[in-house]
1. Highest mean first, how do 77-84, 23-30 rank when packing is the count of other Cβ atoms within 10 Å averaged over residues?
2. Taking amide hydrogens as modeled 1.01 Å from N in the peptide plane, which residues meet the under 5 Å criterion relative to L53, leaving out close sequence neighbours?
3. In deg cm²/dmol, rounded to 500, what helix-only [θ] at 222 nm does the chain give when every DSSP H run of at least 4 residues adds -39500 (n - 2.57) and the total is split over its residues?
4. For segment 94-229, what does the relative contact order come out to in percent, with C-alpha contacts under 8 Å and a separation of six or more?
5. First select every other residue whose beta carbon is under 15 angstrom from the beta carbon of T125; then total the charges, Lys and Arg +1, Asp and Glu -1.
6. For segment 111-155, which trypsin sites (Lys or Arg not before Pro) pass both filters: DSSP loop (anything but H, G, I, E, B) and at most 16 other C-beta atoms within 10 Å?
7. List every residue whose amide H lies under 5 Å from the amide H of N22, counting only residues 5 or more places away in sequence or on a different chain, with H placed 1.01 Å from N in the peptide plane.
8. Can you find, among I7, Q212, V180, the residue sitting farthest towards the positive end of the charge dipole of the chain, where Lys and Arg contribute +1 and Asp and Glu -1 at Cβ?
Amino acid sequence: MNFRTQIPIVKQSDNLIDYHSNLLLLGSCFSENIGEKLSYFKFQSAINPFGILFHPKAIETFLERVINQKFYSEEELIFQNEQYHCLDAHSSLSNTNKEDLLNNLSSILISSYEQISNTTHLIITLGTAWVYEYIETGKTVANCHKIPQKEFNKRLLSVEEIKSSLLNVEKLIRSVNSKVQLIYTVSPVRHIKDGFVQNKQSKAHLLTAIHQTLNVSYFPSYEIMMDELRDYRFYKEDMIHPNQIAVDYIWKRFVEVWVSEKSLLTMKEIEVIQKGLAHKPFNPQSQKHQLFLENIERKIVEIQSKLPNVKF
């Protein structure tokens, strides 16, 4: 007897991810979870150059800036809580020195253009359809940076607005990289600060818009969390974010669908090395441990002889 439902997912037949792929992940914090897995297994990948971007308009704005190489000016920065902020970027990029922030933003835009031009797979995770518009400029922002809420209007993007944004994302990407594989997913993280009903509205708008967009693939992270892992033992203490067990399971399902068969053996070899590197010996100076380190180093050399791009 089966005591749970399982989301049926068909393995992709072509354009699968392997150790020659170049991946870029954009979007909500769930992109970070999957990105960390890709990094652990030493796939060539980059994660959220502008930091976490929760909604489709923020991702669209980032890509417009990258593709058009439109650099930020001093007038576009906001000074709040003794730091300069960019409303299009996460607060992790904020800086007490405005020149340093501007230089960093420009450097990211330049390097991201190169990244996108060579990306084989772009994975975009949408977190919410709720957005904040800065009243002073009327601009939809990626991050409010703890600026008083009275300075923003909050609203829900319509399905048509999201669809328009996604179509523009695809147009921008394919203008410099026609062969890229676009993979969308909806974050399983519930944005319940917006309200329980409002969160459901938001996810529904995102899902509808994605499924009305052509030339993209969809991976059901949200559905796996809601239908396969529908128990609070799969959540962190906040009862909102998936815990490590859930992330590991969703990653496993992603590998089943999107990673090539020939890469699975390499992943196992790399995991052995990663566990070896993380091992804490009782006696680091012992002959046994030195032999252990030599064996790990030999495995690394073997991997890198086949895949020079793999770095430990």
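1. Values: 77-84: 14.5, 23-30: 23.9.
Descending mean neighbour count gives 23-30, 77-84.
2. Close amide H contacts, sequence-distant or interchain: G27, S28.
3. -14000 deg cm²/dmol
4. 29 percent.
5. Charge balance near T125 sits at +1.
6. Values: sites: K139, K146, K150, K154, R155; in loops: K146.
Counting only loop positions with at most 16 other Cβ atoms within 10 Å, the trypsin sites (Lys or Arg not before Pro) in segment 111-155 are K146.
7. Answer set, sorted by chain and number: T120, H121.
8. Selected residue: I7.
Read-outs throughout are calculated quantities, based only on the coordinates presented, and are distinct from any laboratory measurement. Note that the structure is predicted; figures quoted are calculated from it, not measured. Note that each Cβ is placed from the backbone with ideal geometry, even for glycine, and that neighbours are counted across all protein chains shown.
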